[in-house]
Each structure stands twice: as C-alpha cells, then as structure tokens.
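Input: a single structure, listed below in structure tokens.
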Amino acid sequence: MPSDDSRTALLDAGERLIAERGVDVPLRDIATAAGQRNNSAVHYYFDSRNGLIEAIVERRMNWLEKRRMQLLAAHEADGGANDLPTLVAMLATPILELLGHDRVTHLGRFLEVVRTHPVVADVRRLAGADRAAVRIIATRLDTALPGLPRRQRRQRLETMATVMFALIADYERTLESGVRTARPEDAAEIVDMIVAMLTVPARAHPATASGR
C-alpha cells in the first residue's frame, strides 16, 4: 500500500476507534484496523498517540476552518455576521455538513471524546492563523451576550462546546443506528438548542439578609 494511502487509512481507523473506544485504545488495534501488519505503524507516521490525534484533528479542522471563513464572508455581506444564532450556526453546521462526506462516519463522536485532550483544548492553538475563523466567531459570540455578567458569559461559552459536541455526537449515533435519517432541518434544531442554552435568563441570586 502506498505511504499516502497507509497514512490516510491510519487516520480513518484512528478516528473511528478513538470515537468508539476512547483515546487509550491500543495503537496496535488502530494499525490492524488500518490494514497495517506493522504494529508500530502509528509511531512511524505520527511519532506518538498525541501525534495521531493531532493529525486527525488537523485534517478535519482545515476543512472546517475554510468552510467557516466562507460563511463569515457570506454573512458579512448580508449583515448577519454578528447575530447570535448565525454565529452558533457557523460553528456547528460545518461539522454537520462534514458528516455527510464520504468516509466521515465517526467525526462527531471523535470530537466529543477528544474535546478536553491537550491537542484540542490548549487555548494557545486559537492564536494561530489556521484558527482565525474560530477565533473571530468566539470573540463575536462573547459580544452577542451582553446581558450576562462576564463570568457567566465565559462559563456559558465554555459549556457551549461541550453541549455542541454532545448533540452532534448523539445525532451521529442516531444516523448510524438507522433510528432516523438526515433531514434538512436537523442543523437548525441543533443550533436552536445551543442558542437556548446560551440565552436562558440568568438566575437572580437572593440578596443576603443583613442583621441575621
């Protein structure tokens, strides 16, 4: 098998097995699933487990970044680039679009599993030029929630990633199980649920009674 095909097979197998079994799945199992006779194939192509995870993330994020930049440009033109539901949609819908591509079968569950992994969670990664779209959207989301104290805005935006990946992973599971088929309105429903979480009114804290 040519080396490029071997690398792609390892990326596909890694994404699937990590989605199904977690980040600690044995690397030899990934190599076997990719059709590699050499159990050290992951180390040969990616140096380490972290290297494999990073390569899987980069492969998907490069496409997502390009798509989000397209959406940002389109919504800048139509004046909707600062609207909260539109901003959430620019984060979520490209992932859902990618789920429909050939051979993309476990991306949602993979992202749910690795979302707290250092390869993904390191905030310094957002500073790179290859993450400009995510950085722009995140900044605008913070501005789009002016009615909340800063601490609550930060907490909700951090929780948003957890909720988004969980919803997309569950959606992917239902598609795989055959319980449902993809519908045009599915993306809008997921976006609506995320927006509802972000915009629920803050609970007022009862004032501390004095003199008691």
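Quick notes on this one:
- Gyration tensor analysis over the Cα atoms of the chain returns equivalent ellipsoid semi-axes of 35, 20, 18 Å (largest first, whole Å).
- Using the 1.4 Å probe convention, the accessible area of segment 32-78 works out to 58 Å² per residue with neighbouring protein chains retained.
- Counting heavy atoms of the protein chains alone, D192 has an accessible area of about 100 Å² for a 1.4 Å probe.
- Computed extension length for T32-R180: 50.1 nm, one decimal, from 0.36 nm per residue of separation with the Cα-Cα distance subtracted.
- Summed side-chain charge close to H75 - residues other than H75 whose Cβ falls under 15 Å, Lys, Arg +1, Asp, Glu -1: 0
- Positive contributions from Lys and Arg (+1) and negative ones from Asp and Glu (-1), summed over other residues with Cβ under 15 Å from the Cβ of A187, come out at -3.
- Label-reachable residues, segment 130-157, where backbone N falls under 13 Å from a point 7 Å from M69's Cα toward its Cβ: 130-136
- Highest-MSF residue in the chain out of A13, A31, A182 [GNM, Cα springs under 10 Å]: A182
- Reciprocal of mean inverse Cα separation for segment 1-89 (Kirkwood radius, Å): 14.8 Å
- Residue of T181, T86, T162 that the Gaussian network model of the chain assigns the largest fluctuation, springs spanning Cα pairs under 10 Å: T181
- With the whole protein complex present, M197 retains an accessible surface near 50 Å², based on a 1.4 Å probe.
- Using a Gaussian network model of the chain in which every pair of alpha carbons under 10 angstrom is joined by a spring, one finds that among A19, A89, A77 the greatest mean-square fluctuation is at A77.
- Accessible-area ranking of R156, R140, largest first, probe 1.4 Å: R140, R156
- Kirkwood Rh, Cα atoms: Rg over Rh of segment 61-153: 0.98
The values are calculated or read from the model by the stated rules, or taken from the named source; none is laboratory data. None of the values given here were measured: they were computed from a predicted structure. As a convention, Cβ positions derive from the backbone with ideal geometry for all residues, glycine included, and neighbour counts pool all protein chains shown. With ligands, DNA and RNA removed, areas are computed over all heavy atoms of the protein, side chains included. Shrake-Rupley method; radii C 1.70, N 1.55, O 1.52, S 1.80 Å.
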